[in-house]
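Q: Input: one structure, supplied below.
The values are calculated or read from the model by the stated rules, or taken from the named source; none is laboratory data. Just so it is clear, the structure is predicted and the values come from calculations on it, not from any experiment. Don't worry about glycine lacking a Cβ; one is built from the backbone with ideal geometry, like all the others, and counts go over all protein chains shown. Heavy atoms of the whole protein, side chains included, go into the accessibility calculation; ligands, DNA and RNA do not. Shrake-Rupley method; radii C 1.70, N 1.55, O 1.52, S 1.80 Å.
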Amino acid sequence: MDMLGKYKTCVAARSTSSEILKSSQDGGIVTQMFIYALEEGIIDGAIVAGPGDEPWKPKPMVATTPEEILAARGTRYNISPNMAVIKESVRKYGLDKVGIVGTPCQMQALRKAQLYPVGMRYVTDKIALAMGIFCMENFSYQSMKQIVEDHCNVDLHSLKKTDIGKGKYWAYTNRGAVSQIPLKVTHKYEQPGCHVCLDYVANMGDISTGSVGSPDGWSTVFVRSTNGDNIWKKAVEAGVFEVKAIDSVKPGLDLVTKLATEKITKNQKELEHRAKMGVNKGLRNPYI
Amino acid sequence: MGLLSLIFGRKEKKPVEVKPPQPVATPKPVASVKQESHKEERPVSNKITLGHVHMSGCIGCCVSIADTYGGLFTLLDNYADLVYSLTLVDVRHIPKMDVALVEGSVCLQDELSIEEIKETRERATVVVALGGCSAYGNITRFSRGGQFNQPQHESYVPISKLIDVDVYIPGCAPNPEVIRNVAVMAYLLLKGNDAQKKLATAYLAPLMALAKDGSRIESDSEACGCDIMLKVINQGLCMGCGTCAASCPVFAISMEYGKPNIDREMCIKCGACYSSCPRSFFSFDVCGDYENILGAITAAMNPGGN
Ligand SMILES: Cc1cc2nc3c(=O)[nH]c(=O)nc-3n(C[C@H](O)[C@H](O)[C@H](O)COP(=O)(O)OP(=O)(O)OC[C@H]3O[C@@H](n4cnc5c(N)ncnc54)[C@H](O)[C@@H]3O)c2cc1C
Ligand code: SF4
Ligand code: SF4
Ligand code: SF4
């Protein structure tokens with residue numbers, strides 16, 4: 001299995017806009033890319049994880065202005081079913097060129113929908129830019145609430161940012177307090193479906209990005225498809241990103257490869273375990 | 001060439017001789033006559049033959065075929081000869097053909113339908129269940145009879161309950177793009193080179209697996225909306241992407257706290273949600289190669305390069 005997927009280039013980068021960096025998760029790659037693409041007419045809107053009706057519960061939303069894209073910045077470690085509004089983005093919002101951000105599994109869903117667009121008449125041919133984000137695992141809303149409120153002892157209303165890094169789950173409050181717990185505490189709350197996931201770095205995004213591999217405040221960026229390559233080159237030329245060679249930064253690509261390998265091998269074992277879970281019986285394997 | 005070119009009077013580069021589908025007069029058995037002189041004068045000689053068989057359905061699938069727009073002309077011009085079709089071809093009995101696209105379910109009280117579906121199986125190399133009714137029964141599953149002008153018609157089953165089916169195209173109505181993709185892949189499978197055959201096999205494999213499952217007499221796959229519950233969520237596979245909700249034509253699925261909630265009263269059993277879920281089937285080889293495959297399909301549909 002190819003741990004990092006196909007890619008044309010890999011760099012460390014961040015947005016050159018301090019406004020975007022103010023509350024984006026890492027280097028603001030996703031937000032910057034969508035705003036740039038919107039302003040250049042590469043997309044007419046983007047599907048993002050917008051603010052939901054409960055604190056930190058994301059709601060998939062079709063953003064058509066830079067303000068809406070900005071409002072959806074940052075990582076919510078619970079499920080945002082972004083694919084759910086893909087039909088709406090074309091039918092209700094009338095977009096011809098759709099941007100979409102998503103976890104590796106959502107990128108898989110997107111590519112499957114492009115090849116087998118069952119029940120989506122002339123929708124998936126309108127995808128103009130797919131931004132994948134690295135992902136080790138996700139949590140249900142209730143799980144995240146449990147982690148933040150019960151384990152980190154932070155009220156969701158006062159939570160400013162959550163992050164996973166350096167083996168810990170971090171909760172930052174609006175008033176500047178920081179709470180952290182070891183990741184081994186969070187494992188049992190993970191979404192079960194994540195345990196069969198065989199992709200860490202969003203192999204099927206046009207461009208994919210995450211924090212791992214680059215210094216704090218920067219992002220690791222893989223440019224993967226021809227489409228992604230064209231758009232990325234234009235954006236860099238326009239000066240919206242600051243870019244460094246990936247082998248010039250610490251900890252670099254080795255850590256990305258290490259984590260990807262860990263995730264994929266662990267989950268491949270889980271698939272084998274599932275296949276033999278019962279007595280002469282097992283669970284389904286979705287990968288044919 | 002193709003029938004539609006004639007119907008719509010589109011100009012062909014070469015004048016095409018139109019022959020009625022009668023046995024061609026047997027050439028004189030003279031040994032000295034060279035074989036080449038009897039070659040057919042069709043611009044594309046290795047087209048596949050395609051039929052559209054209509055059972056009990058609403059004609060929506062037929063509209064979907066037409067909804068491939070220019071694509072239908074390209075398909076008929078370059079890849080397939082339409083040998084049977086309710087609306088377009090004046091042929092009364094199901095002929096021999098490579099691929100039969102069957103639309104609609106079978107009414108058990110309609111003898112003719114039963115005969116026709118059996119004939120289709122006998123005469124077609126590949127039988128494709130086109131659309132929800134044909135594959136899963138869809139809305140016709142809810143029929144209880146008592147309707148004019150055939151009140152006794154009350155039991156409708158997907159075609160796989162009576163014959164083996166090779167490929168399923170779920171959905172109500174089926175998506176024109178999937179029809180196009182399957183048509184191109186069926187062509188490559190039957191007429192392509194080794195690499196193309198391999199690609200087509202990989203692409204069609206999951207749709208064939210759905211058909212195989214549906215063709216088992218004890219199959220539980222008519223549940224459709226419930227398939228998401230039974231085969232994805234109950235199996236610990238759902239990761240909350242929302243594709244199922246987007247693909248449901250009747251908005252029976254909403255995402256609640258990141259997971260699909262299925263309103264079973266609303267589900268019409270079209271099969272779209274389960275087949276589009278990335279956790280029903282997913283091939284890294286096929287889906288991971290999306291750029292090349294989509295490129296190849298686009299190229300096949302625009303042979304002139306426009
Ligand atoms: C569940 C999850 C797990 C992750 N795990 C890792 C990891 O292990 N290693 C790593 O390097 N990076 C991981 N990331 C990615 C990382 O947290 C950042 O999202 C990524 O680096 C992009 O940062 P940015 O500053 O470029 O984006 P920003 O400019 O901050 O934009 C982030 C975009 O992601 C969207 N988004 C937020 N939450 C979700 C969600 N739950 N589902 C879908 N879209 C969402 C937002 O709407 C926004 O458009 C994970 C992200 C998620 C959602
Ligand atoms: S771990 Fe995999 S399945 Fe889970 S949210 Fe991330 S990408 Fe999706
Ligand atoms: S499409 Fe499948 S994985 Fe995605 S939300 Fe629906 S059931 Fe879950
Ligand atoms: S829930 Fe919707 S998509 Fe799924 S089978 Fe029923 S009608 Fe079709």
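Q: Of the residues A:GLU149, A:GLU88, which single one is within 14 Å of chain B (Cβ to nearest Cβ) and either over 13 Å from the mean Cα position of the chain (by Cα) or surrounded by fewer than 20 Cβ atoms within 10 Å (Cβ to Cβ) (or both)? Show your work before the answer.
A: Values: A:GLU149 fails: within 14 Å of chain B (Cβ to nearest Cβ).
Of A:GLU149, A:GLU88, the one residue that is within 14 Å of chain B (Cβ to nearest Cβ) and either over 13 Å from the mean Cα position of the chain (by Cα) or surrounded by fewer than 20 Cβ atoms within 10 Å (Cβ to Cβ) (or both) is A:GLU88.
Q: Now, a different point. Which pairs turn up if I take residues in region B:241-266 that are under 22 Å from A:VAL123 (Cβ atoms) and open to solvent by 60 Å² or more (accessible area, probe 1.4 Å) and look for partners that are in a loop (DSSP other than H, G, I, E, B) and more than 14 Å from ligand 3 (Cβ to nearest atom) with beta carbon separation below 6 Å, at least 6 apart in sequence or on another chain?
A: Close Cβ pairs satisfying both conditions: B:MET266/B:VAL250.
Q: Something else: Can you name the residue in region A:116-136 that is surrounded by fewer than 22 Cβ atoms within 10 Å (Cβ to Cβ) and under 22 Å from the mean Cα position of the chain (by Cα) and is also nearest to the other protein chains (Cβ to nearest Cβ) among such residues?
A: A:ASP125
Q: Select from region B:227-240 the residues that are part of a loop (DSSP other than H, G, I, E, B) and more than 16 Å from ligand 1 (Cβ to nearest atom) and write down the one among them that is most open to solvent (accessible area, probe 1.4 Å).
A: Let us first name the residues in region B:227-240 that are part of a loop (DSSP other than H, G, I, E, B), namely B:234-240.
Those left that are additionally more than 16 Å from ligand 1 (Cβ to nearest atom): B:234-237.
Numbers: B:ASN234: 99, B:GLN235: 40, B:GLY236: 24, B:LEU237: 0 Å².
Looking at residues that are part of a loop (DSSP other than H, G, I, E, B) and more than 16 Å from ligand 1 (Cβ to nearest atom), I get B:ASN234.
Q: Further question: If you check A:VAL48 against the conditions, is it β-branched (Val, Ile, Thr) and open to solvent by less than 20 Å² (accessible area, probe 1.4 Å)? Before you say what the answer is, go through the steps one by one.
A: On the way: β-branched (Val, Ile, Thr): yes; open to solvent by less than 20 Å² (accessible area, probe 1.4 Å): yes.
Yes; evaluated as a whole, the condition is true for this residue.
Q: So A:THR64 fits all but one of (1) within 7 Å of chain B (Cβ to nearest Cβ); (2) among the polar types (S, T, N, Q); (3) open to solvent by 40 Å² or more (accessible area, probe 1.4 Å); what number is the exception?
A: The number of the failed condition is (1).
Q: Where in region B:120-219 are there helices (runs of 4 or more DSSP H), lying fully within it, with 3 or more residues that are away from chain A (no Cβ under 14 Å) and of a type outside the set (Val, Ile, Thr)? Reasoning before the result, please.
A: Details: elements: B:132-136, B:176-191, B:194-215.
So the answer is B:176-191, B:194-215.
Q: Give the residue that is surrounded by the fewest Cβ atoms within 10 Å (Cβ to Cβ), with candidates limited to residues of region B:192-226 that are modelled with pLDDT of 90 or more and hydroxyl-bearing (Ser, Thr, Tyr).
A: Residue satisfying both the conditions and the ranking: B:THR201.
Q: Looking at this structure, is A:PRO81 more than 7 Å from chain B (Cβ to nearest Cβ) and in contact with a Cys (Cβ under 9 Å, 6 or more places away or on another chain)?
A: So A:PRO81 fails the test.
Q: OK, next. Which one of these does B:GLY2 not meet: (1) open to solvent by 30 Å² or more (accessible area, probe 1.4 Å); (2) within 24 Å of the chain's Cα centre (by Cα); (3) at pLDDT below 90?
A: (1)
Q: Of the numbered conditions (1) away from ligand 1 (no atom under 16 Å from the Cβ); (2) open to solvent by less than 40 Å² (accessible area, probe 1.4 Å); (3) outside any loop (DSSP other than H, G, I, E, B); (4) closer than 24 Å to A:VAL90 by Cα, B:LEU294 satisfies every one except a single condition; which is it?
A: Among (1) away from ligand 1 (no atom under 16 Å from the Cβ); (2) open to solvent by less than 40 Å² (accessible area, probe 1.4 Å); (3) outside any loop (DSSP other than H, G, I, E, B); (4) closer than 24 Å to A:VAL90 by Cα, B:LEU294 violates only (2).
Q: Further question: For B:THR243, which of the numbered conditions (1) hydroxyl-bearing (Ser, Thr, Tyr); (2) modelled with pLDDT under 95; (3) out of contact with any Gly (no Cβ under 8 Å at 6 or more places or on another chain) fails to hold?
A: (2)
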